[in-house]
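The values are calculated or read from the model by the stated rules, or taken from the named source; none is laboratory data. If you're wondering where the values come from, they're calculated on a predicted model, not measured in any experiment. Cβ coordinates were reconstructed from backbone atoms using ideal geometry, including for glycine residues, and neighbour counts include every protein chain displayed. The protein model used for the area step is the full one, side chains on, heavy atoms only, and it has no ligands, DNA or RNA in it. Shrake-Rupley method; radii C 1.70, N 1.55, O 1.52, S 1.80 Å.
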Amino acid sequence: GQQLNQSPQSMFIQEGEDVSMNCTSSSIFNTWLWYKQDPGEGPVLLIALYKAGELTSNGRLTAQFGITRKDSFLNISASIPSDVGIYFCAGRDNQGGKLIFGQGTELSVKP
Amino acid sequence: DTEVTQTPKHLVMGMTNKKSLKCEQHMGHRAMYWYKQKAKKPPELMFVYSYEKLSINESVPSRFSPECPNSSLLNLHLHALQPEDSALYLCASSQGPGGGAYGYTFGSGTRLTVV
């Protein structure tokens, strides 16, 4: 079945540093979504991307839909302690609309 | 109202019990989903309801039984669960089965422990 490879699996950074994570797939997706999940909560949508090449920002977050439609990245600039959590990429294919999740990137920010 | 509300937040049940998880949204979304999530793992799709009809069942054991009474409500009936079924159960909704303009909105989940 379809799989998303998300990397890195975990990151330990200092407050103020920039962060980058990415997802790749062997299949084409027509939508890429980036979610953040805090402990004990459901995933919260950060950025949604719908067109190949699209670059979208949400505050300190920037995400891009790869031109090949098989990858996406998320950047977080000037990290702060509340950025701690697990970040998931998710792709939606053309058939049936199922959402496929990456394995997640666990972010730790040291004050 | 831009939320998906799940109750209860926590549930502990014995292996012989019958319980139900509830999910509600008032965003006019026509697709609703149940996901199961283990700690630090991605959500795994269980069921998809599209326009109140079950459209996807990801080979989930029959001890999990979904129900969509109307376009705003989604239930998950649990019976004779196993300890390995302990997990966070997430409900989500979207404008249509394809996700729509705003992706999928998730609830906060029900933390289920089977003893």
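In this structure the amide hydrogen of B:M46, modeled in the peptide plane, comes within under 5 Å of the amide hydrogens of B:W34, B:Y35, B:K36, none closer than 5 places in sequence on its chain. Panel values: the stretch B:21-115, Kirkwood radius from alpha carbon pairs, Stokes-Einstein at 20 °C and 1.002 mPa s, translational diffusion coefficient 160 µm²/s.
Each Lys and Arg contributes +1 and each Asp and Glu -1, all at the Cβ; summed about the Cα centre of the protein assembly as shown, the dipole is approximately 460 debye.
Between A:T31 and A:R92, the built amide H atoms are under 5 Å apart, and every one of these is 5 or more places off in sequence or on another chain. For B:H79, the accessible area of its heavy atoms, probed at 1.4 Å with every protein chain present, is near 90 square angstrom.
Candidates B:M46, B:V4, A:L45 compared by Cα position along the dipole of the protein assembly as shown: farthest toward the positive end lies B:M46, with charges placed on Cβ.
From the Kirkwood radius over Cα pairs of the protein assembly as shown, Stokes-Einstein at 25 °C and 0.890 mPa s returns a whole-number translational diffusion coefficient of 136 µm²/s. For chain A, the percent of C-alpha pairs falling in each 5 Å distance bin, counted from 0 to the bin holding the largest distance, reads 2, 13, 24, 25, 19, 10, 5, 1, 0. For the set A:K98/B:K41; A:K51/B:K22; A:K36/B:K18; A:K36/B:K22; A:K110/B:K41; A:K70/B:K41, the pairs lying more than 28 angstrom apart at their alpha carbons are A:K51/B:K22; A:K36/B:K18. For the stretch B:62-72, the Karplus equation 6.51 cos²θ - 1.76 cosθ + 1.60, evaluated at θ = phi - 60°, returns couplings of 5, 6, 9, 10, x, 8, 10, x, 7, 5, 9 Hz by residue, with Gly and Pro reported as x.
If the chain linking A:Y50 and A:S77 were pulled fully straight, counting 0.36 nm for each residue of separation and taking away their Cα-Cα distance, it would gain 7.5 nm. The alpha carbon centroids of the stretch A:13-74 and the stretch B:1-39 are separated by 26 Å.
Taking 41 Å as R0, compute the FRET efficiency from the Cβ-Cβ separation of B:T7 and A:S108 and round it to 0.05. Between B:T7 and A:S108 the formula returns 0.85.
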